[in-house]
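Written below as structure tokens is the structure these notes are about.
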Amino acid sequence: MTGKAVIIMGSERDLEFCREIAKTLKALSVEYEFRVASAHKTPLKVLEVLKEFEDQQVIYVTVAGRSNALSAFIDSNTTKPVIACPPYSDKYSGVDVYSSLRVPSGIGSVVTIEPDGAAIAAAKMLAVEDKELESRVKEFQAAKRTQIVKANETIKNMK
């Protein structure tokens, strides 16, 4: 394997959401690590995490809700790909997602609000240089298509 995903959450409250990302990464046999650091509360810790992985091939997946400065802060301090995956909050009717979408110029993070989408995006980025992973991604996608075809067959035969 040529790389891994580093999932950085803004607080420990994001752990269950991050485990959903990890579940899909595991299904694709993508190595991952968790870290906790906040752009607002512990910006120096965020920079320490980036330094820790500076010489490795990684994709950062950032998970922070409400005012998500984490994704843009990380993106502005690394040349590695960043996938922002803010947890959706009914409390804010989705408005909190805007902080991941409306970022300053020069920021190039990718945004998805689905945990499996973040994992698949990370796997695809790593698969650019890893043909075995590319095959696993193709198999994963084929399995999803097969599920839809089977569901169609089941449902169309219902009376």
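For the range 113-159, what are the residues that are without any contact (Cβ under 8 Å) to a residue 40 or more places away in the chain and touching a Leu at 6+ places or on another chain (Cβ under 7 Å)?
Listed by number, the list holds a single entry, Ala127.
Of the conditions (1) buried (at least 21 other Cβ atoms within 10 Å of the Cβ); (2) of a type outside the set (A, V, I, L, M); (3) farther than 20 Å from Ile7 by Cβ, Pro86 fails just one. Which one is it?
Status for Pro86: all satisfied but (3).
Which condition does Asp55 not pass, out of (1) without any contact (Cβ under 8 Å) to a residue 40 or more places away in the chain; (2) over 25 Å from Glu134 (Cβ atoms); (3) out of contact with any helix residue (DSSP H, G or I) (no Cβ under 8 Å at 6 or more places or on another chain), if it passes all the others?
Exception for Asp55: condition (2).
Need a quick list: helices (runs of 4 or more DSSP H) entirely within the range 60-159 having at least 2 residues that are hydroxyl-bearing (Ser, Thr, Tyr). Break it down into steps so the answer makes sense when it comes.
Values: elements: 69-76, 98-101, 115-127, 131-156.
Result: 69-76, 98-101, 131-156.
Those residues that are of a type in the set (A, V, I, L, M), more than 17 Å from Ser99 (Cα to Cα) and in contact with a helix residue (DSSP H, G or I) (Cβ under 9 Å, 6 or more places away or on another chain), I need them from the range 33-46; list them, please. Before the answer, list the steps.
Taking the range 33-46 as the starting set, the residues that turn out to be of a type in the set (A, V, I, L, M) are 36-37, 39, 44, 46.
Of the ones still in play, those that are also more than 17 Å from Ser99 (Cα to Cα) are 36-37, 44, 46.
If the condition is that a residue be of a type in the set (A, V, I, L, M), more than 17 Å from Ser99 (Cα to Cα) and in contact with a helix residue (DSSP H, G or I) (Cβ under 9 Å, 6 or more places away or on another chain), then Val36, Ala37, Val46 are the ones that fit.
So Pro81 fits all but one of (1) in contact (Cβ under 8 Å) with a residue 60 or more places away in the chain; (2) surrounded by 14 or more Cβ atoms within 10 Å (Cβ to Cβ); (3) closer than 30 Å to Glu132 by Cα; (4) out of contact with any Phe, Trp or Tyr (no Cβ under 6 Å at 6 or more places or on another chain); what number is the exception?
(1)
Would you check which residues across the range 1-13 are outside any strand (DSSP E or B) and closer than 21 Å to Lys80 by Cα and list them? Write out each step before concluding.
Our first condition is that a residue be outside any strand (DSSP E or B); within the range 1-13, this holds for 1-3, 10-13.
Once the filter is applied, which keeps residues that are outside any strand (DSSP E or B) and closer than 21 Å to Lys80 by Cα, the range 1-13 yields Met1, Thr2, Gly3, Gly10.
Any chance you could count how many residues in the range 14-39 are more than 17 Å from Cys85 (Cα to Cα) and either among the aromatic types (Phe, Trp, Tyr) or not in a helix (DSSP H, G or I) (or both)? Break it down into steps so the answer makes sense when it comes.
Keep residues of the range 14-39 that are more than 17 Å from Cys85 (Cα to Cα), which gives 26-31.
Then drop every residue that is not either among the aromatic types (Phe, Trp, Tyr) or not in a helix (DSSP H, G or I) (or both), which leaves 28-31.
Residues flagged as more than 17 Å from Cys85 (Cα to Cα) and either among the aromatic types (Phe, Trp, Tyr) or not in a helix (DSSP H, G or I) (or both) within the range 14-39 amount to 4.
Tell me, which residue of the range 54-71 that is of a type outside the set (Val, Ile, Thr) and either in contact with a Lys or Arg (Cβ under 6 Å, 6 or more places away or on another chain) or buried (at least 19 other Cβ atoms within 10 Å of the Cβ) (or both) is modelled with the highest pLDDT? It would help to see each step written out before you state the result.
Of the residues in the range 54-71, the ones of a type outside the set (Val, Ile, Thr) are 54-57, 60, 64-71.
In the following step, the residues that additionally are either in contact with a Lys or Arg (Cβ under 6 Å, 6 or more places away or on another chain) or buried (at least 19 other Cβ atoms within 10 Å of the Cβ) (or both) were identified as 60, 64-65, 68-71.
Values: Tyr60: 98, Ala64: 91, Gly65: 78, Asn68: 82, Ala69: 90, Leu70: 93, Ser71: 94.
Once the filter is applied, the top-ranked residue is Tyr60.
The values are calculated or read from the model by the stated rules, or taken from the named source; none is laboratory data. What you see is a predicted model; the values in this text were computed from it and never measured. Every residue, glycine as well, gets a Cβ built from its backbone with ideal geometry; the counts of neighbours run over all protein chains shown.
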